[in-house]
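S.K.: Take a look at the following structure, please.
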Amino acid sequence: MFNIEQLTAFFGWCSVINMGFLIATTILLIVLKDLISTIHSRLMGLDKNKLQDLYMNYLAHYKIAIIMLNITPYFALKLMA
């Protein structure tokens, strides 16, 4: 069974890893926008403009998931400890 300190550390590291992945994905989508859009439009048969909307939708949903599932429990546990 986990104690509060272990859970706090777990959620803290989950937050760091997921934020790192979010930042890396955002940077790659900005820097390699044309290459990634070309590859995905060929694979999925979608328009490049539609893909840009899907990328932003993905990033927004992922950020909300990180806040709700990693950062909020981390701060709640920090307040308890």
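The values are calculated or read from the model by the stated rules, or taken from the named source; none is laboratory data. These figures come from a predicted structure and were not determined experimentally. In this analysis, Cβ positions are derived from the backbone assuming ideal geometry, glycine residues included, and neighbour counts consider all displayed protein chains.
S.K.: Suppose we filter L77, L46 for residues that are more than 15 Å from the chain's Cα centre (by Cα), surrounded by 12 or more Cβ atoms within 10 Å (Cβ to Cβ) and not in a helix (DSSP H, G or I); which single one remains? Don't jump to the end; show me each part of the working.
M.R.: Numbers: L77 fails: not in a helix (DSSP H, G or I).
On inspection, the qualifying residue turns out to be L46.
S.K.: Considering L22, L35, which residue is modelled with pLDDT of 95 or more and surrounded by 15 or more Cβ atoms within 10 Å (Cβ to Cβ)?
M.R.: Values: L35 fails: surrounded by 15 or more Cβ atoms within 10 Å (Cβ to Cβ).
Selected residue: L22, the only one of L22, L35 that is modelled with pLDDT of 95 or more and surrounded by 15 or more Cβ atoms within 10 Å (Cβ to Cβ).
S.K.: Among all residue pairs at least 6 apart or on different chains, which show Cβ distances below 7 Å where the first residue, located in segment 1-27, is under 19 Å from I67 (Cβ atoms) and the second is of a type in the set (F, W, Y) and assigned to a helix (DSSP H, G or I)?
M.R.: Close Cβ pairs satisfying both conditions: T8/Y74; F11/Y74; G12/Y74; S15/Y74; L22/Y62.
S.K.: Now a separate question. May I ask you to verify whether N70 is assigned to a helix (DSSP H, G or I) and surrounded by 12 or more Cβ atoms within 10 Å (Cβ to Cβ)? It would help to see each step written out before you state the result.
M.R.: Numbers: assigned to a helix (DSSP H, G or I): yes; surrounded by 12 or more Cβ atoms within 10 Å (Cβ to Cβ): yes.
Judged against the criteria, N70 is a match.
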